[in-house]
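Notes follow once the structure below has been shown.
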């Protein structure tokens, strides 16, 4: 072809270019998808860098540290009573439960034991934190798969539990109520009856969640058989709490390593599920929330009378030594390894948080899943970012 | 600190733990440096650093198959102290009957070196926890236990960035929390806490002792308020 004018020449060139573009082989290389740090499914600022092949995840690598607050270092320059202020903010949805293992570990070093009444009220508040924390999970899991109603129910009903915690401790989120040797205050008048009615409401809430989600066909289709974690893998990664029990491992520190609180005084059971998938994790947490309300009910019946504070010096110096103590928190095993040199504050505190171990399994469990399942698996593993980053 | 056991330990026998300890020490043999046992608490074992990986394997085959955590302790006393050496704080120590001596020993189950690695494992069948420790030598390197417990991966990365201890055989030893360009190892005792150096810690007031001449008066006020509320609740 001979170009007769500039215009024709330009037209020829552009048509050739268009052909060339079509004939280039489609690039099917891997794609990197960043989920987070600001994503509703990440409960904070967790970033997951996914390497995708089409819709399938090849590798998923959580990137943390956006919220690292250096609590282990900060604990070293504070006194023991001041540490609980920090510790409150690790798992901010179940704050009171965070304080308990730290205080118990310090008490073990001091060889102090809180009076029975304090232990019972501690256990009640601990279980109330569990109900408040897990209630939000039960609703939030719906959001992950596109059901918006459950989360509003969850916020509505969790508020009732938070009100009860607030009435005793004065703080909705950060009670800072537990003391070495006992508790700051006793429970107020009329609180027992109110709590009992709240527990009935929470059981209704659990039934609602069961109707809305567990029996829902879409929920089952999205969660059953997704993100299966076999028990031996769960143990190797140190998964704890409902994540471990949903893999069929019958292990609950409340029963198996009771550090002196009142759990062995009441009648309750540990729930497990053999499947190990996202659905199992949801189901186990649902049963645990219900079980916790029953534990609270029984504890309310039998609070012993007596003082709420053991005899401890006003200025607390913990004798030199080391102690590790962990409890079954809403998210799983939370423990503190305290090294003391006899000072006003700890020499070193290692905080073993459940979410850190629970999320360390993400690279393993995400391999080969589809992109939408990333969200349900993350949701069902249930983590609090403050609990990972500390 | 050697194997001295406080008298109350021997009173309460804990056969389950003793049997387990005997079993473990038989398997560990010479690699076991020291052990501590307190009834109804986690077992404490210290092993040689060369046998770290093997000891973890032995523990795993002895039933400790549930991984808890892995971390390190820096036994050096911080050069800055605890940022509490204010005038006020100094006075407080004098009033004390027994002044606290600065203890530079390495504590219960402590080692002979500045850094010590510790890990916690659980036996589900026996419902017993196990704390394993080992010293980290001058080369600041220790074998990884990532192959034994997959969960140790992140814990080792955290220990690496916070203490500067490297793990032999770990394929992805990169910082976990800190940005890549961060210098220093924050959890080492000689890493200064900048916030405290810039501004004195206002929290020392928290441990203020009530002056003696006010103590009786305050007590009376509290009791009066208590009785005004109708006594016991």
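The values are calculated or read from the model by the stated rules, or taken from the named source; none is laboratory data. Note that the structure is a prediction, hence the values are computed from the model and not measured. Because the Cβ atoms are built from the backbone with ideal geometry, glycine has one as well, and the counts that use them run over all protein chains shown.
The condition of being surrounded by fewer than 24 Cβ atoms within 10 Å (Cβ to Cβ), away from chain B (no Cβ under 14 Å) and closer than 26 Å to residue A:46 by Cβ does not hold for residue A:120. Applying the selection to segment B:22-52, what residues are more than 23 Å from residue A:338 (Cβ to Cβ) and buried (at least 18 other Cβ atoms within 10 Å of the Cβ)? Of everything in segment B:22-52, those that are more than 23 Å from residue A:338 (Cβ to Cβ) and buried (at least 18 other Cβ atoms within 10 Å of the Cβ) turn out to be B:24, B:28, B:31, B:32, B:49, B:51, B:52. A single member of A:203, A:224 is touching a helix residue (DSSP H, G or I) at 6+ places or on another chain (Cβ under 6 Å) and over 23 Å from residue A:295 (Cβ atoms), and it is A:224. Screening residue B:148 with (1) modelled with pLDDT under 85; (2) within 10 Å of another protein chain (Cβ to nearest Cβ); (3) over 18 Å from the mean Cα position of the chain (by Cα) gives one miss only, at (1). Checked against the criteria, residue A:162 counts as in contact with a helix residue (DSSP H, G or I) (Cβ under 7 Å, 6 or more places away or on another chain), more than 14 Å from every other protein chain (Cβ to nearest Cβ), at pLDDT 90 or above and under 30 Å from residue A:81 (Cβ atoms). For segment A:207-230, indicate whether the set of residues that are within 14 Å of chain B (Cβ to nearest Cβ) and either closer than 21 Å to residue A:139 by Cα or surrounded by fewer than 17 Cβ atoms within 10 Å (Cβ to Cβ) (or both) is non-empty. Yes: one or more hits. For segment B:151-175, residues that are without any contact (Cβ under 8 Å) to a residue 60 or more places away in the chain, at the interface with another protein chain (Cβ under 9 Å from one of its Cβ atoms) and in contact with a helix residue (DSSP H, G or I) (Cβ under 6 Å, 6 or more places away or on another chain) total 2.
Of A:233, A:198, which residue is within 14 Å of chain B (Cβ to nearest Cβ) and either at pLDDT 85 or above or part of a helix (DSSP H, G or I) (or both)?
A:233
For the condition within 43 Å of the chain's Cα centre (by Cα) and either at pLDDT 80 or above or surrounded by fewer than 13 Cβ atoms within 10 Å (Cβ to Cβ) (or both), residue A:44 does not qualify. Being under 20 Å from the mean Cα position of the chain (by Cα), surrounded by fewer than 22 Cβ atoms within 10 Å (Cβ to Cβ) and in a loop (DSSP other than H, G, I, E, B) is a property that residue A:172 has. Taking the listed residues B:85, B:135, the one that is away from chain A (no Cβ under 11 Å), assigned to a loop (DSSP other than H, G, I, E, B) and at pLDDT below 85 is B:85, with no other qualifying. Checking each residue in segment B:150-166 for being surrounded by fewer than 24 Cβ atoms within 10 Å (Cβ to Cβ) and not in a helix (DSSP H, G or I) picks out B:150, B:164, B:165, B:166.
Identify all residues within segment A:355-367 that are surrounded by fewer than 21 Cβ atoms within 10 Å (Cβ to Cβ) and either outside any helix (DSSP H, G or I) or under 14 Å from the mean Cα position of the chain (by Cα) (or both); write none if there are none. Across segment A:355-367, the qualifying residue is only A:367. Residues in segment A:368-381 that are modelled with pLDDT of 85 or more and not in a helix (DSSP H, G or I) were compared, and the one that is nearest to residue A:145 (Cα to Cα) is A:370.
Of the residues making up segment A:310-345, those that are more than 7 Å from chain B (Cβ to nearest Cβ), within 21 Å of residue B:119 (Cα to Cα) and modelled with pLDDT under 85 are A:323, A:340. Taking the criterion of being at pLDDT 70 or above and either part of a loop (DSSP other than H, G, I, E, B) or more than 12 Å from chain A (Cβ to nearest Cβ) (or both), the residues of segment B:220-233 that qualify are B:220, B:221, B:222, B:223, B:224, B:225, B:227, B:228. When residues in segment B:176-214 are screened for being within 12 Å of chain A (Cβ to nearest Cβ), more than 24 Å from the chain's Cα centre (by Cα) and modelled with pLDDT of 75 or more, 3 of them pass. Restricting attention to segment A:12-38 and to residues that are more than 17 Å from residue A:370 (Cβ to Cβ) and surrounded by 12 or more Cβ atoms within 10 Å (Cβ to Cβ), the residue that is modelled with the highest pLDDT turns out to be A:12.
Residue-wise test of (1) more than 11 Å from chain B (Cβ to nearest Cβ); (2) more than 19 Å from the chain's Cα centre (by Cα).
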| site | (1), (2) |
| --- | --- |
| A:300 | yes, yes |
| A:370 | yes, yes |
| A:379 | yes, no |
| A:388 | no, no |
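Scanning segment A:60-76 for residues that are part of a helix (DSSP H, G or I) and at the interface with chain B (Cβ under 9 Å from one of its Cβ atoms) yields A:72, A:73, A:74. Please verify whether residue A:351 is touching a strand residue (DSSP E or B) at 6+ places or on another chain (Cβ under 7 Å), within 12 Å of chain B (Cβ to nearest Cβ) and either surrounded by fewer than 20 Cβ atoms within 10 Å (Cβ to Cβ) or not in a helix (DSSP H, G or I) (or both), treating the condition exactly as stated. So residue A:351 fits the description; yes. Here is a list: A:307, A:259. Which entry is modelled with pLDDT under 85 and either over 30 Å from residue B:156 (Cα atoms) or part of a helix (DSSP H, G or I) (or both)? The match here is A:307.
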